[in-house]
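Remarks on the structure that follows.
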2 protein chains.
Amino acid sequence: MTSRSLLATLAILCTIATAAPALAAGPASLKSAPTMQQVLDASKPSDWRPLNPNDTLYMDLPEGRVVIELDPAYAPLHAQNIRTLAHQHYWDGLAILRVQDGFVTQWGDPAAEEDHPAQPPRPLGKAKATLAPEFERAITPDLPFTKLPDGDVYAPEVGFSNGFPVGRDPKSGKTWLVHCYGAVGAGRGNTADSGPGTELYAVIGQAPRQLDRNIAVIGRVVKGMQYLADRPRGNGPMGFYKNPAHQTKILRVRLASDLPPSERMHLEVLRTDTPTFKALVESRRNRADAWYLYKVGKIDVCNVPLPVREAPSAGTKHH
Amino acid sequence: MTSRSLLATLAILCTIATAAPALAAGPASLKSAPTMQQVLDASKPSDWRPLNPNDTLYMDLPEGRVVIELDPAYAPLHAQNIRTLAHQHYWDGLAILRVQDGFVTQWGDPAAEEDHPAQPPRPLGKAKATLAPEFERAITPDLPFTKLPDGDVYAPEVGFSNGFPVGRDPKSGKTWLVHCYGAVGAGRGNTADSGPGTELYAVIGQAPRQLDRNIAVIGRVVKGMQYLADRPRGNGPMGFYKNPAHQTKILRVRLASDLPPSERMHLEVLRTDTPTFKALVESRRNRADAWYLYKVGKIDVCNVPLPVREAPSAGTKHH
């Protein structure tokens, strides 16, 4: 038995730190291809972008903080409504209502889910109760798109736009955010306009791509995903908790721009429109790590890591 | 806000129980297509097969039981070694060593993972310390295969064989078990023969299909997946627990056939070589539920549910 080696090189972030050789031009030069860690080590400051505080939510749970990046390019109405709700401290003291294994963790107002709640649902204040659907949007020239080369079961094209995984249909001229692990969406009822962003869910299992174009994805979890994924599963239908005492209270949700600068985190995400990102994708299509005996040379859109880091010179207290 | 309706129809097992109409012949008749629940409600006893006790592992954790079905058609040497290990009570008192968010939960002997363990690794007894790789096998006429129609990013063909998701390459004549949510594999070191089944892992996130053909998948979790997926993530590299006190002790692992019949569970899995299974796949390619406004008409091999139930007439104590 080789100690520490079983599956040891299967990590998302591998730790081999030898000098990065030239990128592979193709299968012939695979032996000199860098690992993802080598690609990241060789990245430049310009390969990263800071999270925009106006698009960044901090959701504080008893166990830790979940950081969500909103995507106003794909869901502008939802982003604005969610900002308004956060500004009003709408979610403070509300709860995680549902954890369905292999599917989603969902949070919101328990009273809104009950037929005869003990107290009325929390008022929405200046936020809207319904929003026009934002399940897809038009492809426009200003929207960045880094296409993946390996195709997709569900969409004619897949790739990345501003750091988010997306699908595209050149025929209809539409594009949409796809449901990968960590995607955050706005729960809705049976009508298209019934999800105003008050009740949100995050994907905690295999990408439920059947939801694509059926519901508004509003962003993704960039940090703290484990606090949504490791929760006890709900024991009622669809993972709802039968006993409200099993729900987890949300301590608070804040928009970063509503906090003083000294209380904001300084996170950066890897840009997806750079040669560095293309090298990262290549490092995952053909793994250079010694552990991999067979290199498949393909990748699914939901298997491409989207790295996040603390800004190197932040010098600020982190949570 | 419509109570209970947000994302309410996204459940794996939907509960609509109207009479099942005829199967959809194509997009034109989608409105009369049955839901998955309707397909299951209309299933016959012959659509199900009981788990073979000689291929069924019970892993008892403090929180509950995980049931794993071995697949001796694809990993016969591993199945036999794992039976031997279970027969010797090899895993009793060993531990869950690693939980990496979005990837795997892994269990085995803590001493085998340490450079200077306080006590020597547990002896393997009659089990083998190395096994020939079982990463893929030959396609043979006797091996059932229900092909999915929508293609795959990683494999030339995908489908199901005896209830397990598989990939196929008609050119090379090879087939293999694929890494979907709940797949169980035998961790190994950098050499192909170093994974004898002592240290096992289960997929708890997006299907890590890059592992396919690189490691032996030995079966899948058929029940109790939540007990592997909801665990606190490890705080060390690759999700290993830095502090051994955070590891979870395994109470016991037993092969069902090593237990007296009165202590065996009576579980059945839906056969994957029947018209009922094809109808189930179709019900997931085009969702009939009212919630779905857009029916994509496609499905990924790892999004097809593989239903498990207690045998209707079992009448035996269940755990």
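Go through (1) touching a Gly at 6+ places or on another chain (Cβ under 8 Å); (2) among the hydrophobic types (A, V, I, L, M, F, W, C); (3) not in a strand (DSSP E or B) for A:Ala129 and report which single condition fails.
It fails just one condition, (1).
Collect the residues in the stretch B:268-301 that are within 11 Å of chain A (Cβ to nearest Cβ), touching a Lys or Arg at 6+ places or on another chain (Cβ under 9 Å) and among the hydroxyl-bearing types (Ser, Thr, Tyr), keeping them in residue-number order.
Of everything in the stretch B:268-301, just one residue is within 11 Å of chain A (Cβ to nearest Cβ), touching a Lys or Arg at 6+ places or on another chain (Cβ under 9 Å) and among the hydroxyl-bearing types (Ser, Thr, Tyr), namely B:Tyr294.
If you go through the stretch B:182-195 one residue at a time, how many are within 9 Å of chain A (Cβ to nearest Cβ) and surrounded by fewer than 23 Cβ atoms within 10 Å (Cβ to Cβ)?
5
Only one of A:Ala290, A:Ala245 is more than 26 Å from A:Arg188 (Cβ to Cβ), loosely packed, with under 15 Cβ neighbours inside 10 Å and not assigned by TED's automatic domain parsing to the domain that holds A:Gly167; which?
Being more than 26 Å from A:Arg188 (Cβ to Cβ), loosely packed, with under 15 Cβ neighbours inside 10 Å and not assigned by TED's automatic domain parsing to the domain that holds A:Gly167 holds for just one of A:Ala290, A:Ala245, which is A:Ala290.
Listed here are the residues, each with its yes/no results for (1) among the charged types (D, E, K, R); (2) modelled with pLDDT under 95; (3) within 13 Å of A:Asn54 (Cβ to Cβ); (4) touching an Asp or Glu at 6+ places or on another chain (Cβ under 9 Å).
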{"residue": "A:Asp71", "(1), (2), (3), (4)": "yes, no, yes, yes"}
{"residue": "A:His78", "(1), (2), (3), (4)": "no, no, no, yes"}
{"residue": "A:Arg83", "(1), (2), (3), (4)": "yes, no, yes, yes"}
{"residue": "A:Ala86", "(1), (2), (3), (4)": "no, no, yes, yes"}
{"residue": "A:Ala95", "(1), (2), (3), (4)": "no, no, no, yes"}
{"residue": "A:Asp101", "(1), (2), (3), (4)": "yes, no, no, yes"}
{"residue": "A:Gly108", "(1), (2), (3), (4)": "no, no, no, yes"}
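Is the stretch B:75-84 home to any residue that is within 24 Å of B:Glu268 (Cα to Cα), charged (D, E, K, R), touching a residue at least 24 places away in the same chain (Cβ under 8 Å) and more than 13 Å from chain A (Cβ to nearest Cβ)?
yes
Would a scan of the stretch A:139-154 turn up a residue that is closer than 26 Å to A:Glu268 by Cα, assigned to a strand (DSSP E or B) and within 22 Å of the chain's Cα centre (by Cα)?
yes
Condition check ((1) of a type outside the set (Ser, Thr, Tyr); (2) within 23 Å of B:Pro45 (Cβ to Cβ)) across all residues:
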position: B:Leu255; (1), (2): yes, no
position: B:Thr272; (1), (2): no, yes
position: B:Arg287; (1), (2): yes, no
position: B:Gly297; (1), (2): yes, no
position: B:Leu306; (1), (2): yes, yes
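For the stretch B:98-127, give me the residue count where each residue is facing chain A (nearest Cβ under 9 Å), touching a residue at least 12 places away in the same chain (Cβ under 8 Å) and closer than 30 Å to A:Ala229 by Cα.
Counting residues in the stretch B:98-127 that are facing chain A (nearest Cβ under 9 Å), touching a residue at least 12 places away in the same chain (Cβ under 8 Å) and closer than 30 Å to A:Ala229 by Cα gives 12.
The values are calculated or read from the model by the stated rules, or taken from the named source; none is laboratory data. All values derive from a computational prediction rather than experimental measurement. With ideal geometry, Cβ positions are generated from the backbone for all residues, glycine too; neighbour counts draw on all protein chains shown.
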